[in-house]
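In what follows, a single structure is set out as structure tokens and then discussed.
The values are calculated or read from the model by the stated rules, or taken from the named source; none is laboratory data. From a predicted model like this one, the values you see are computed outputs, not experimental measurements. Cβ atoms come from the backbone with ideal geometry, glycine included; neighbour counts cover every protein chain shown.
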Amino acid sequence: MDVSQSIVLHNEAQEHIVGGVNSPSRAYKGVGGGTPIYMKRGSGPYFWDVDDNKYIDYLAAYGPIITGHAHPYITKAIQTAAENGVLFGTPTELENTFAKMLKQAIPSLEKVRFVNSGTEAVMTTIRVARAYTGREKIIKFAGCYHGHSDIVLVQAGSGPSTLGNPDSAGVTVGTAKEVITVPFNDISAYEEALAIWGDQVAAVLVEPIVGNFGIVEPKEQFLAEVNRLTHEAGALVIYDEVITAFRFTYGSAQQLYGIEPDLTALGKVIGGGLPIGAYGGRIDIMEQVAPLGPAYQAGTMAGNPLSMSSGIACLELLQNPDVYQKLDQLGAQLEKGILTAAQAHGIEVTVNRLKGALTVYFTNKNIENFADAQETDSEKFGQFFHLMLSKGINLAPSKYEAWFLTITHSEQDIEQTIQAASYAFKKMAE
Ligand code: PLP
């Protein structure tokens, strides 16, 4: 496969853009290096790169592109919005329409507020929870990514009784001390952390279905117990549904499990591919937010007509009852094909799948938490990634990410992907 134009562009990018990329994982560091492919066009499940190679895409821009690239209905909505002016700085009816749609789809959102990214949404839920409870500490689960605000860029300490360490230069030790990290799916570790810090904890931050060390579902009762213990401690439960909302059902993971958090952060899919975030929850908590309450949050671009129109159009497409069934069917076909191909070539893999999202781990073990995911074979994943890319399959460049299906993938696309995987496994076994 000739990728010479991507190489030229990446050399140029490195002169002007730090690391050549505007988000670190795009630099292929997680797959042993290589030149990132520069895409120039997307349509449905496909990409074309600057050398005119065609790819079937499973990155879906790290989740948002559930309706496929350049969906005509969303494109039209964006065009219409653009013709009417892209940014007003005043309220618009679009914001009301979209807020009502989100509230209807996710009943725990009694009030919402739009922001511009998942990072902003999560960051603000933390501020609001602190304002409401008058407490400062936050509990999070190891390996879960909640955006890049300081407070969530904190690693686990060495056990539930220790506070965190900064995970990035520039995050202060003081900030890290506000965060306690415990293993996902381990309710006793969570209980232990609350026993020590419970009366200082403002909130626990939960990805109800993990998307950031691959797709990992909560064990039975885990979310219910987290809710019970957190509320007993007088703290709030925040669901980070930036990946999960509208990915698995029309609504959010909280509906799949029948459990309601106090606050929810949203992003990705709800923007139909445009920049967006939103947060919401119980009225009495949300009324902490300015202009009603003392917790400040604002945004020049927040609720802009383009993102609102794109998001509304995207959710309208997802209201079709066939959507999630189709994603599930295609996901099942892909999972089965990959497992069969891997077995045929003696490659050990574990596939975690929920409907149209899955992760292929190079291991023979079950993956229930971050430590499990860390132990999977990174080198093999890197090899697999590059072999798939050479066969025109665009995956996320990290063993910790998910493959996301779109409503535009077809059975033939999945078949072609399985054939590519079979080729990759064969090569890996040589
Ligand atoms: N929360 C989760 C669960 C995410 O996966 C991400 C991004 O990957 C974020 C928050 C941050 O969202 P954004 O990249 O839009 O700031």
I need the full set of residues from the stretch 179-196 which are over 24 Å from the mean Cα position of the chain (by Cα) and in contact (Cβ under 8 Å) with a residue 12 or more places away in the chain, in order please. A189, E191, E192, A193, L194, I196
Restrict the check to the stretch 288-298 and report whether at least one residue is in contact with a Phe, Trp or Tyr (Cβ under 6 Å, 6 or more places away or on another chain) and closer than 28 Å to A402 by Cα. no
Counting only strands (runs of 3 or more DSSP E) entirely within the stretch 224-316, those with at least 1 residues that are over 19 Å from M123 (Cβ atoms) and away from the ligand (no atom under 16 Å from the Cβ) are none
Restricting to the stretch 181-212, and then to whatever is part of a strand (DSSP E or B) and small (G, A, S), can you tell me which residue is farthest from the ligand (Cβ to nearest atom)? A202
Among the numbered criteria (1) of a type outside the set (F, W, Y); (2) closer than 21 Å to P72 by Cβ; (3) in contact (Cβ under 8 Å) with a residue 24 or more places away in the chain, which single criterion is violated by G299? (2)
Taking E430, is it farther than 25 Å from T244 by Cβ and acidic (D, E)? yes
Residue list for the stretch 126-140, restricted to those being touching an Asp or Glu at 6+ places or on another chain (Cβ under 7 Å) and either outside the structural domain of V201 (by TED's automatic domain parsing) or surrounded by 24 or more Cβ atoms within 10 Å (Cβ to Cβ) (or both): I138
Tell me yes or no: at least one residue of the stretch 66-78 is in contact (Cβ under 8 Å) with a residue 24 or more places away in the chain, aliphatic (A, V, I, L, M) and either touching an Asp or Glu at 6+ places or on another chain (Cβ under 8 Å) or within 16 Å of the ligand (Cβ to nearest atom) (or both). yes
Matching residues, the stretch 107-152, being small (G, A, S) and within 12 Å of the ligand (Cβ to nearest atom): S117, G118, A121, G143, G147, S149
